[in-house]
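Q: Pasting a structure here, questions to come.
Values quoted throughout were computed directly from the atomic coordinates according to the rules given, and no laboratory measurement underlies them. Just so you know, these numbers come straight off a predicted model, no measurement behind them. Here the Cβ positions follow ideal geometry from the backbone for every residue, glycine too, while neighbour counts run over all protein chains shown.
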Ligand code: SF4
Ligand code: SF4
Ligand code: SF4
């Protein structure tokens with residue numbers, strides 16, 4: 001088997017345990033695919049694989065058990081299907097996202113749109129180390145953004161309008177963080193306990209809790225695997241353009257440090273984080 005030329009060297013081609021076969025991973029930002037494309041993948045898997053596909057933890061689909069000789073034809077057919085070969089090496093790998101405002105009632109941001117834009121800009125970029133990006137529409141963090149090299153989370157900081165609270169306590173019941181109490185007949189919010197999910201805003205029957213600051217929280221330096229690490233909060237920005245600009249800066253920062261050969265999480269030790277933060281946040285407008 002010759003694994004050193006052309007399509008065999010693509011990041012989305014993985015040699016299997018039985019090295020006569022390989023698995024083809026597909027590029028699927030946010031795990032979104034039309035039913036026609038799904039049918040197309042099924043046909044390709046049936047023709048060139050063992051008749052099964054595998055849905056991965058990073059929201060892609062893999063076609064297992066294909067012969068390396070079939071790879072050029074699989075690549076061509078997948079591209080024609082609009083679902084090209086993906087990545088899994090030291091690259092920007094499949095961007096994952098929860099349903100966001102498209103479908104989830106808890107969502108604070110449009111995760112699908114953001115995943116598509118980041119994918120279009122950065123997917124497959126060769127990097128000195130693997131870079132994973134995950135987007136969640138709210139602090140429920142269904143895609144675990146804090147366990148990726150770059151995580152993005154949609155949040156809303158609530159504020160109660162003055163002088164109109166009836167003290168009904170509905171918001172207290174809805175807040176899972178016990179961040180709201182009724183004192184002297186009105187609701188009082190504890191910002192230290194609040195995770196900025198925004199649920200209380202929608203719970204108030206009198207519509208008197210406002211969204212003061214809807215934003216994208218960017219986390220850096222997380223990872224899963226054998227030495228898991230929780231990412232650190234880098235910045236909160238208010239627009240899709242700003243968050244994309246921050247992501248690009250982080251990717252460029254990592255790219256320029258190719259010599260290090262270390263995962264971003266390893267570079268984010270206490271000594272370097274403040275320097276890193278200063279450099280990345282240059283020219284990015286500050287949050288409110
Ligand atoms: S992270 Fe929040 S917005 Fe996204 S699916 Fe989970 S609950 Fe919904
Ligand atoms: S935003 Fe969420 S955590 Fe904060 S007070 Fe409202 S319901 Fe509680
Ligand atoms: S739900 Fe609205 S009116 Fe009721 S206590 Fe909370 S803020 Fe006040």
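Q: Enter the Cα centre distance for the pair segment 146-222 and segment 37-94, rounded to the nearest angstrom.
A: 42
Q: Beyond 13 Å, what share of the Cα-Cα pairs of segment 56-110 is found? Please give it as a whole percent.
A: Beyond 13 Å sits 71 percent of the P(r) for segment 56-110.
Q: Would you please give the FRET efficiency between residue 16 and residue 36, computed as 1/(1 + (r/R0)^6) with r the Cβ-Cβ distance and R0 = 30 Å, to the nearest 0.05?
A: On the way: r = 28 Å, r/R0 = 0.95.
Given R0 = 30 Å and the Cβ-Cβ separation, E is 0.60.
Q: When DSSP beta bridges are limited to those with both residues in the chain, what percentage is antiparallel, rounded to the nearest 5?
A: Numbers: 31 of 38 bridges.
Around 80 percent antiparallel, to the nearest 5.
Q: In nm², what is the average projected area of the convex hull enclosing the Cα atoms of segment 171-288? Mind dumping the intermediate values first?
A: Numbers: hull surface 39.7 nm².
For segment 171-288, averaging the hull's shadow over all directions gives 9.9 nm².
Q: Turning to a different aspect of this structure: In percent, how large is the relative contact order of the chain, given Cα pairs closer than 8 Å and 6 or more residues apart?
A: On the way: 591 pairs, mean separation 39.2, N = 288.
Relative contact order of the chain: 14 percent.
Q: Which angle between 0 and 90 degrees, to the nearest 10, do you get for helix 35-48 versus the longest principal axis of the chain when only C-alpha atoms count?
A: Computed tilt is about 30 degrees.
Q: Calculated from DSSP H runs of 4 or more alone, at -39500 (n - 2.57) each and per residue, what is the 222 nm mean residue ellipticity of the chain, nearest 500?
A: On the way: 8 runs with 79 residues, N = 288.
About -8000 deg cm²/dmol.
Q: Using per-residue counts of other Cβ atoms within 10 Å, averaged over each peptide, order 35-44, 154-163 from highest down.
A: Numbers: 35-44: 14.9, 154-163: 17.8.
Ranked by mean Cβ neighbours within 10 Å, highest first: 154-163, 35-44.
Q: Could you order the peptides 202-212, 84-94, 143-153 from most to least packed, using the average number of other C-beta atoms within 10 Å per residue? Don't skip to the answer; put the middle values down first.
A: On the way: 202-212: 15.0, 84-94: 21.2, 143-153: 25.2.
Final packing ranking: 143-153, 84-94, 202-212.
Q: Take the alpha carbon gyration tensor of segment 16-147, find the square roots of its eigenvalues, order them as a ≥ b ≥ c, and report rounded if a/c is under 1.5; if not, report prolate when a/b exceeds b/c, else oblate. Before the final figure, lay out the partial values.
A: Values: a/c = 2.16, a/b = 1.67, b/c = 1.29.
Judged from the Cα gyration tensor, segment 16-147 comes out prolate (a/c at least 1.5, a/b above b/c).
Q: Still on this structure, please answer the following. When the convex hull of the C-alpha atoms of the chain is computed, what volume per residue in Å³ does it have?
A: Details: hull volume 43.2 nm³, N = 288.
Once divided by residue count, the hull of the chain is 150 Å³.
Q: For segment 186-255, would you read off the P(r) tail past 15 Å as a percentage of all alpha carbon pairs?
A: Numbers: 1646 of 2415 pairs.
Considering segment 186-255, 68 percent of its Cα-Cα pairs are separated by more than 15 Å.
Q: Provide, for q = 0.13, 0.15, 0.17 Å⁻¹, the log10 of I(q)/I(0) from a solvent-free Debye sum over equal Cα point scatterers in segment 79-148.
A: Each listed q corresponds, in turn, to -0.40, -0.52, -0.65.
Q: Project the alpha carbons of segment 156-213 onto their principal axes and report the range along each, largest first, in whole Å.
A: 23, 18, 16
Q: Please report, largest first and rounded to whole Å, the three semi-axes of the ellipsoid equivalent to segment 6-80, where each semi-axis is the square root of five times an eigenvalue of the C-alpha gyration tensor. Each step should come with its number before you reach the end.
A: Details: eigenvalues 67, 35, 28 Å².
Taking √(5λ) for each eigenvalue gives 18, 13, 12 Å, largest first.
Q: Moving on to the next point. What is the angle, in °, between the Cα long axis of helix 71-80 and the longest principal axis of the Cα atoms in the chain? Nearest 10 is fine, range 0 to 90.
A: 50
Q: How far, in degrees from 0 to 90, does helix 240-256 lean away from the longest principal axis of the Cα atoms of the chain, to the nearest 10?
A: 50
Q: OK, next. For segment 219-262, what class follows from the C-alpha gyration tensor (a ≥ b ≥ c being the square roots of its eigenvalues): rounded when a/c is under 1.5, otherwise prolate if a/b is larger than b/c, else oblate? Could you put the intermediate results ahead of the total?
A: Working: a/c = 3.17, a/b = 1.33, b/c = 2.38.
Taking the square roots of the gyration eigenvalues as a ≥ b ≥ c, segment 219-262 is oblate.
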